[in-house]
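Structure first, then comments.
The values are calculated or read from the model by the stated rules, or taken from the named source; none is laboratory data. Bear in mind that the values here come from a model prediction, so they are computed numbers and not experimental data. Cβ coordinates were reconstructed from backbone atoms using ideal geometry, including for glycine residues, and neighbour counts include every protein chain displayed. Quick note on the areas: whole protein, heavy atoms, side chains included, nothing else; ligands and nucleic acids left out. Shrake-Rupley method; radii C 1.70, N 1.55, O 1.52, S 1.80 Å.
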Amino acid sequence: MASNKEKIVSFLNEQIAQADFRARAYVLDEENKRRPQRSVFVKVKSYLDNFLEGNVANRWITLTGLRGAGKTTVLSQLFSDTKGKDVYRLFLSLDQTSQILGAPLHEIISTYEDMIGRSLESLDKPLLLFLDEVQYDSKWAVVLKTIFDRSNKVFIFATGSAALLMNINTDVARRAVFEKLFPLSFTEYLKIKMQKYEIKGLGQEIRNALLSSNTGKEVYEKLQSLEKKINEYYLGITRHEFDKYLHYGSLPFMVASNNEAIVYDQINKTLDRVVSGDIVSTGKFSSDIISKIPGILYAVADMDAFNFKTISDNFGISRPKVMEIFDLLENTEVLHRIYAHGSHLNQVTSARKPSKFLFSSPAFRAMYYKMIGNIISPENAKGKLLEDLVAMYLHRILNKNPGKSLTYDAAQGGADFILGIGNQRIIIEVGAGKKDYRQVIATAKKFKPNYSLIISEESLEYSEEFEAVKIPLRIFLLA
């Protein structure tokens, strides 16, 4: 019978022999053409390039994000780019090492040192560690910290679900660089599906117009000046592609599929893995409560106005436990929490004015609508999907911006979002079909924004009276 060490040696030999072949599935498409790379790839590759050039400052990179957002693809593309370099390179998927091999990461690394005949401290050339799904090893953080501290010739690129960030200690936070992978933007979707590349600089120009202008008129004039570029980008893009993107295209593993039954089944399985994996692993809930979480998520998808008490009463779970569930759904990035304006700064106000919860990708809400159905009107249903979509974009745009806040007006008929960036305040309303200025007018009277934006499927329009701009969705999607 083979010893545990012999099993690890056999496993590592097989992994090393097959790693490049396995990575090809993520790097090349069915026609053996190189798949387009996400914008985050450029960033993480710069860390690796700097390390190989001798800069050891940032040599532990951890890519986090929602399950299904494409972390394994980025990892595989980065690994493939190192082929042929004079380095040691090891690609491990920790769900395999823990579930199939049954060996902890520290034991695998120790065995690998024996196989190459060198300890980490005596490496004769760089070691590149590519570690997928590190959350499957319960001691991943302390093991990677130890590896990092033992040698500055080791570069670590790890991926993990969003829940990974829940238990980060200061020692890890001080050493690792954390990058987040978001669901696909519309331009990323088109790049992956149709090899249609964005017009260089256009996205940044639109973001600057929407979020860095002084007045509504300035927003309008900047966007007017970009219309030629915007129209050029949209040549050959049909309405059908937008509908696909809204319903499931923001999750990259669904881009190539045209079978909606398979698509929504896979999305459902992704959510199941969050619940049965990430949430179960916290040990905070009984199996009875865990079994109710999918129903709670469907209830959120179908609720016009969110209420913790309603969830508590309908599912027979105490309100404190319901709040814990939603904290975890936020931490695992299934949901985005949007506080009522002012409540994020005041606990008393927070208790009185409930947060609202949106799905981190509209694909999740669309899955519930398609598989189970919904009781709200078709226009309201589409409006909810669009609100998820806009919130998804805003979270991506505002990532790592320390002076930002994203809240909503909790009053009846209030605007969907109040965006704060430094001293700038922007009111944003989202909707399907035609939208008038009523909601932004009501919110603007109370909160005195620099200007208001109405994101819908209407044409670009500026109202001097209300200092508001109607932004066509086709423009916003390029931001």
Of the candidates LEU129, VAL430, MET194, the farthest towards the positive dipole end of the chain (Lys/Arg Cβ +1, Asp/Glu Cβ -1, centred on the Cα centre) is VAL430
Relative to the Cα centre, what is the charge dipole magnitude of the chain, using +1 at the beta carbon of each Lys and Arg, -1 at the beta carbon of each Asp and Glu, and rounding to the nearest 20 debye? 600 debye
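Could you order peptides 35-45, 382-392 by the average number of other Cβ atoms within 10 Å of their residues, highest first? Let's see the in-between values first.
Values: 35-45: 17.0, 382-392: 23.2.
Going from most to least packed, we get 382-392, 35-45.
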Provide the gained length on full extension for the span SER225 to VAL87, in nm with one decimal, where the gain is 0.36 nm per separating residue minus the Cα-Cα distance. 44.8 nm
Solvent-accessible area of ILE262, probe 1.4 Å, all protein chains present, reported in Å² to the nearest ten, please. 90 Å²
Just report the Cα centroid separation between segment 350-425 and segment 89-148, whole Å. 40 Å
How far apart, in nm, are two points set 7 Å out from the Cα along the Cα-to-Cβ line at ALA299 and at ARG174? 4.4 nm
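Taking the Cα centre of segment 171-212 as origin, sum charge times position over the Cβ atoms of Lys and Arg (+1) and Asp and Glu (-1), and report the length of that vector in debye to the nearest 20. Display every interim value, and only then the final one.
On the way: 8 positive and 5 negative charges, 18 e Å.
The dipole magnitude comes to about 80 debye.
From the square roots a ≥ b ≥ c of the eigenvalues of the alpha-carbon gyration tensor of segment 369-442, which class results: rounded (a/c under 1.5), prolate (a/b over b/c), or oblate?
Working: a/c = 2.71, a/b = 1.49, b/c = 1.82.
Because a/c hits 1.5 or more and a/b fails to exceed b/c, segment 369-442 counts as oblate.
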Net charge (Lys, Arg +1; Asp, Glu -1) of residues whose beta-carbon lies under 13 Å from that of ILE199, ILE199 excluded, is +1
Around LEU28, which amide H atoms from residues at least 5 apart in sequence, or from another chain, sit under 5 Å from its own amide H, with H modelled in the peptide plane? ARG35
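Using only helices, what value at 222 nm comes out for the chain when you add -39,500 (n - 2.57) per DSSP H run of length 4 or more and divide by the total residues, to the nearest 500 deg cm²/dmol?
My calculation for the chain gives -14000 deg cm²/dmol from helical runs alone.
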How many nm separate the modelled label positions at THR310 and ASN401, each set 7 Å beyond the Cα in the direction of the Cβ? 3.1 nm
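How much length is gained on full extension from ASP20 to LYS33, taking 0.36 nm per residue of separation minus their Cα-Cα distance?
Working: separation 13, 0.36 × 13 = 4.68 nm, distance 1.57 nm.
The span from ASP20 to LYS33 would gain 3.1 nm if fully extended.
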Could you give the dipole magnitude of segment 5-71 about its Cα centre, charging the beta-carbon of Lys and Arg +1 and that of Asp and Glu -1, in debye to the nearest 20? 280 debye
In the structure shown, of LYS83/LYS125; LYS200/LYS229; LYS200/LYS228; LYS353/LYS435, the pairs separated by more than 18 angstrom at the C-alpha atoms are LYS353/LYS435
Tell me, what ³J(HN,Hα) does each residue in segment 266-271 have, in order and in whole Hz, if you take phi through Karplus 6.51 cos²θ - 1.76 cosθ + 1.60 with θ = phi - 60° and put x for Gly and Pro? 5, 5, 4, 5, 4, 5
Restricting to Cα pairs under 8 Å and 6 or more apart, the percent relative contact order of the chain works out to 13 percent
Distant-in-sequence amide H partners of ALA158 (H built 1.01 Å from N, under 5 Å): ILE61, THR62, LEU63, LEU131
For LEU165, project a label point 7 Å along Cα to C-beta. Then give me every residue of segment 58-89 with its amide nitrogen under 13 Å of that point. 62-67
Quick one: net charge around LEU101, please, counting Lys, Arg +1 and Asp, Glu -1 for every other residue with C-beta under 13 Å from its C-beta. -3
Computed from the beta carbon distance with a Förster radius of 35 Å, FRET efficiency for VAL56 and SER257 to the nearest 0.05 stands at 0.25
Given the C-alpha centroids of segment 267-302 and segment 198-221, what is the distance between them in whole angstrom? 39 Å
What's the local net charge at ALA23, with K and R +1, D and E -1, over the other residues with C-beta under 10 Å away? +1
